[in-house]
Amino acid sequence: MAAQPLESPTRRHGASETNADVQLQEPSLSDGPELWRLARESRVLDVNSPYSYTLWCRDFADTSVVARDSGVPCGFVTGYVRPSRPDTFFVWQVAVGRDHRGQGLANRMLNRLADRLAPRGARYLEATVTPDNTASTAMFEAFARGRGCEVTRSPLFGAEHFPEGEHEPEVLFRIGPIADAN
């Protein structure tokens, strides 16, 4: 099945003029390799196998978004609804290609997902951020401000939860409640 447009190129939630022509869509199976490429080129994300991105595009397309500029993926957000908390959407990864950074595209993708998932009962967005990741912290804080939501932070995974020396601790960001825009 081909990816269906989820949003017209109009400006929403503070999208800048420079990214207004970028289309936001559900990812399709063929997007897996491009999502893997964007994650690898980000140089900050934990890069999973190409297989995992392709599988994600199959199994979690309805809770993810891909941004396309002239049909070419230039950003993505992957996420899922937590099985034990159906009112909570967890953001797994956010990536924006180098040429599209600093234009509000990540915020636009997060808002698109919130707008799509709130009518289905999602009231909270969760994500984990390492303490030194100031860009992600700023992105999630801007998203929360733009939606008039509170952000709570709490430790989730400490160094003891990862192989020794393999990963920094992760702080859980919980944002909400997110209102249904409809």
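Between amide H atoms placed 1.01 Å from N, distances below 5 Å from Val151 occur with no residue 5 or more places distant or on a separate chain. Look at the dipole of the chain built from charges on Cβ: of Leu172, Tyr124, Ala95, the Cα furthest out on the positive end belongs to Tyr124. Computed 3J(HN,Hα) for segment 121-126, one whole-Hz value per residue from the Karplus formula 6.51 cos²θ - 1.76 cosθ + 1.60 where θ = phi - 60°, is x, 6, 10, 9, 10, 10, glycine and proline marked x. Backbone amide hydrogens, once placed in the peptide plane, bring Gln103 within less than 5 Å of nothing, excluding anything fewer than 5 places away on its chain. Karplus-based coupling profile of segment 108-119, in residue order and whole Hz: 4, 5, 4, 5, 4, 5, 4, 5, 7, 8, 4, x, with θ = phi - 60° in 6.51 cos²θ - 1.76 cosθ + 1.60 and x standing for Gly or Pro.
Summarising the amide proton neighbourhood of Thr128: residues at separation of 5 or more, or on other chains, whose placed amide H is nearer than 5 Å comprise Phe173. Once you reduce segment 132-162 and segment 36-67 to the center of their Cα atoms, the two points are 20 Å from each other. Charged side chains reduced to their Cβ positions (Lys and Arg at +1, Asp and Glu at -1) give segment 80-141 a dipole of some 260 debye around its Cα centre.
How would you rank 100-112, 61-73, 152-164, highest first, on the average number of other Cβ atoms within 10 Å across their residues?
Numbers: 100-112: 21.3, 61-73: 18.1, 152-164: 10.8.
Output ranking for 100-112, 61-73, 152-164: 100-112, 61-73, 152-164.
Using a simple charge model, +1 on the beta-carbon of Lys and Arg, -1 on the beta-carbon of Asp and Glu, nothing else, what dipole does segment 34-182 show about its Cα centre, in debye to the nearest 20? With Lys and Arg at +1 and Asp and Glu at -1, about 580 debye. Going through (i) 15.5, 47; (ii) 15.4, 42; (iii) 23.7, 91, the figure that equals Rg and Dmax of the Cα atoms in Å as computed for the structure here is (i).
For the chain, what does the helix formula give at 222 nm: sum of -39500 (n - 2.57) over DSSP H segments with n ≥ 4, over the residue count, nearest 500 deg cm²/dmol?
Details: 4 runs with 48 residues, N = 182.
Helix-only estimate at 222 nm: -8000 deg cm²/dmol.
Laboratory data are not the source of any read-out in this text; all were calculated from the coordinates shown. Not measured: the values here are computed from a predicted model. Don't worry about glycine lacking a Cβ; one is built from the backbone with ideal geometry, like all the others, and counts go over all protein chains shown.
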